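Data block below; observations after.
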Amino acid sequence: MTMNRRRFLVAATTVVGGAGALTAAVPFIRYWTPSARARAIAAPVEINLEGLEPGQQINVDWRGQPVWVLRRTPEMLQRLDALTDSDELRDPHAEVKAQQPSYISGAQRAVKDEYLVVVALCTHLGCVPLFRPEPGSISADWPGGYFCPCHASMFDFAGRVFRGVPASTNLVIPPHRYLSESRIEIGADPE
Ligand code: FES
């Protein structure tokens, strides 16, 4: 075989090998490329907070799960402080890191104290808790917060779990950031 013919065969084999690898890669890439629907589901959700009165909350669908945005009143925030100083909560200072992004810390568990943004799924077995803000509405010493109807887990206005209930961790705080005073984006971290 001449040198030129050998070079031609080596070059041809390389090209064919490359084409084979490309052919094999296409289904893989197709498989992993998210569909438009999947991208839409994973996309951040923008919320307008105008019109949300103190004490009210709205329900938002984010990535197929319910999220609440609660505008807390000064009284609600005071009740959080009182609970932090009591021994009624399992994780009053939000030290279990998996339950909130790293930029959320402390008892209020919020970027801005006035607004709680929280995934509305009980950390026991995933039921949707009830919003029961009125003190005394669940029991005589109920301070107001969230009550899970499935197995009676209880959470305060920061989503912190009480002691002695089936749920063992605080409700999850999703990533979120403020785009302006009245607009919030759920699913994106602050820049
Ligand atoms: S699912 Fe909420 S207490 Fe069991």
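Taking the criterion of being under 23 Å from residue 65 (Cα atoms), hydroxyl-bearing (Ser, Thr, Tyr) and more than 16 Å from the ligand (Cβ to nearest atom), would at least one residue in region 161-179 satisfy it? Yes - at least one qualifying residue is present in region 161-179. Restricting region 118-144 to residues that are of a type in the set (A, V, I, L, M) and within 13 Å of residue 156 (Cα to Cα), the residue that is surrounded by the most Cβ atoms within 10 Å (Cβ to Cβ) is 118.
Here residue 191 clears all of (1) at pLDDT 95 or above; (2) outside the structural domain of residue 127 (by TED's automatic domain parsing); (3) not small (Gly, Ala, Ser) except the condition numbered (1).
Taking region 125-138 as the range and being within 16 Å of the ligand (Cβ to nearest atom) and either hydroxyl-bearing (Ser, Thr, Tyr) or free of Cβ contacts under 8 Å to residues at least 12 places away in the same chain (or both) as the test, only 126 passes.
Of the residues 113, 156, 141, which is more than 12 Å from the ligand (Cβ to nearest atom) and free of Cβ contacts under 8 Å to residues at least 12 places away in the same chain? After ruling out the rest, the residue left standing is 141. Comparison of 55, 20 shows that the only residue that is modelled with pLDDT of 60 or more and either farther than 30 Å from residue 132 by Cα or surrounded by 10 or more Cβ atoms within 10 Å (Cβ to Cβ) (or both) is 55. When region 94-148 is filtered for residues that are under 15 Å from residue 72 (Cβ atoms) and either of a type in the set (Lys, Arg) or outside any loop (DSSP other than H, G, I, E, B) (or both), the ones remaining, listed by number, are 109, 112, 115, 116, 117, 118, 131, 132, 145, 146. Determine whether region 85-98 contains at least one residue that is surrounded by 16 or more Cβ atoms within 10 Å (Cβ to Cβ), basic (Lys, Arg) and more than 15 Å from the chain's Cα centre (by Cα). Checking region 85-98: at least one residue is surrounded by 16 or more Cβ atoms within 10 Å (Cβ to Cβ), basic (Lys, Arg) and more than 15 Å from the chain's Cα centre (by Cα).
The values are calculated or read from the model by the stated rules, or taken from the named source; none is laboratory data. The structure displayed is predicted, hence computed values, not measured ones. Neighbour counts are summed over all protein chains in view; Cβ atoms, including those assigned to glycine, are modelled from backbone coordinates with ideal geometry.
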